[in-house]
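To start, the structure under review is shown below, and the notes come after it.
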Amino acid sequence: MITPPSSTPFSYVLGLADDALVSAQRMGWWISRAPQLEEDLALANIGLDQLGQARNLLTYAGELEGAGRSEDDLAYLRDDRDFRNVWLVERPQTDFGVAMARLLVFSAWQAELYAALALGEDPTLAAIAGKAVKEVAYHLDHARRWVVRLGDGTEESHARMQVALEAEWPYVEELFGPVDGAVVDPVALRDAVLTTVESVLAEATLVVPQVAPARGGGRRGLHTEDLGYLLAEMQHLHRSHPGATW
Amino acid sequence: MSTRDWPLWEVFVRSRRGLSHVHVGSLHAPDAEMALRNARDVYTRRQEGVSLWVVPSAEIVASEAGQREEFFDPAADKIYRHPTFYEIPEGVEHL
């Protein structure tokens, strides 16, 4: 069977791949630092799920580009201006409340995105998304339970969860920004994602923040300073020892 | 509340349909819901199971080491209780 050439743009798939890759790298920071061993493994599992999604998406992006770049070439040999991820995932998340607030938003968005891609017209993206949709359902469940537990917990946990939410909220809107050639229109996901997130916040007795959106620009290669440091750490080994395996 | 205050739970995994749940270890969690999720993340990340039980360790009634002889030794010389005199039909794996 000959598959007709896909009309899906390289840049669109790259954006989704970079979201998953950068989020996985940030999640990895928690390994050995989570509040307890069980959570340490849970966050590592989530990060590895995202890394798996990133690998599939990067490989496919490389095929679409047609320049012979592998998943490793794309992950390790691009500079920050060539990354297309949203700002939500690239900033440090060294506060547990921030990590859970971010995971709630990100996984609620990925859940809608992958569900739509799984039914979409690009068969490769549909296959990748069809596998990922189950993983993301668990990520969303994990984030939801922590946000509710902390939000509807003690006075202190409630206050800290609200602060964490305020810190992440400016970066929500960028997820829904228009993208050229998008297989699933980001704008169309907005209502469903916000409905999911806001129902969790209500259960957690948290207030939906009223804050101005951040400038964003990740889909155009404009990033915060933080991404450069993340990439330096992530890419260092591969760049110093090209092709290293272990 | 530190992790040390969290109760201990025993974890049982059923590796596939038709088999029993088998004890695989324990973990700390503040409540049952969390214990179940922690068990998923700690004990089934390499496809070990299709079903999970978590049980509060405090709820388990265990035989005491000091009673081992009176509990278990009397069975030692009752070889006729073993079904070793039967031939197991071919294809029966878990009898």
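The values are calculated or read from the model by the stated rules, or taken from the named source; none is laboratory data. For clarity, every value in this text was computed on a predicted model and none was experimentally measured. Reconstructed Cβ throughout: ideal geometry from the backbone, glycine too, with neighbour counts over all protein chains shown. Just so you know, the surface numbers come from the protein's heavy atoms only, side chains and all, with ligands and any DNA or RNA stripped out. Shrake-Rupley method; radii C 1.70, N 1.55, O 1.52, S 1.80 Å.
Quickly run through region A:168-192 and pick out the residues that are in a helix (DSSP H, G or I) and open to solvent by 50 Å² or more (accessible area, probe 1.4 Å).
Once the filter is applied, which keeps residues that are in a helix (DSSP H, G or I) and open to solvent by 50 Å² or more (accessible area, probe 1.4 Å), region A:168-192 yields A:GLU173, A:VAL187, A:ALA188, A:ARG190, A:ASP191.
Mind checking which strands (runs of 3 or more DSSP E) fall wholly inside region B:1-73 and carry at least 3 residues that are out of contact with any Asp or Glu (no Cβ under 9 Å at 6 or more places or on another chain) and open to solvent by less than 50 Å² (accessible area, probe 1.4 Å)?
B:8-14
List pairs: first residue in region A:143-156 and at the interface with chain B (Cβ under 9 Å from one of its Cβ atoms), second residue of a type in the set (D, E, K, R) anywhere in the structure, Cβ distance under 9 angstrom, at least six positions apart or on different chains.
Close Cβ pairs (under 9 Å, with a partner that is of a type in the set (D, E, K, R)) amount to A:ARG145/B:GLU33; A:ARG145/B:ARG37.
Of the residues B:GLY49, B:GLY25, B:GLY66, which is in contact with a Ser or Thr (Cβ under 6 Å, 6 or more places away or on another chain) and either closer than 30 Å to A:LEU37 by Cβ or of a type outside the set (Ser, Thr, Tyr) (or both)?
Criteria check complete, one pass: B:GLY49.
Taking B:ILE88 as meeting all but one of (1) away from chain A (no Cβ under 14 Å); (2) touching a strand residue (DSSP E or B) at 6+ places or on another chain (Cβ under 6 Å); (3) open to solvent by 50 Å² or more (accessible area, probe 1.4 Å); (4) hydrophobic (A, V, I, L, M, F, W, C), write down the number of the exception.
Unmet for B:ILE88, out of (1) away from chain A (no Cβ under 14 Å); (2) touching a strand residue (DSSP E or B) at 6+ places or on another chain (Cβ under 6 Å); (3) open to solvent by 50 Å² or more (accessible area, probe 1.4 Å); (4) hydrophobic (A, V, I, L, M, F, W, C): (2).
Only one of A:ALA116, A:ALA111, A:ALA44 is without any contact (Cβ under 8 Å) to a residue 60 or more places away in the chain, farther than 20 Å from A:HIS238 by Cβ and open to solvent by less than 40 Å² (accessible area, probe 1.4 Å). Can you tell me which?
The conditions single out A:ALA44.
Can you find a residue in region B:7-25 that is charged (D, E, K, R) and within 25 Å of A:GLY153 (Cβ to Cβ)?
no
Which members of region A:143-156 meet the condition of being surrounded by 15 or more Cβ atoms within 10 Å (Cβ to Cβ) and more than 15 Å from the chain's Cα centre (by Cα)?
Those that are surrounded by 15 or more Cβ atoms within 10 Å (Cβ to Cβ) and more than 15 Å from the chain's Cα centre (by Cα): A:ARG144, A:ARG145, A:TRP146, A:VAL147, A:VAL148, A:ARG149, A:LEU150, A:GLY151, A:GLY153.
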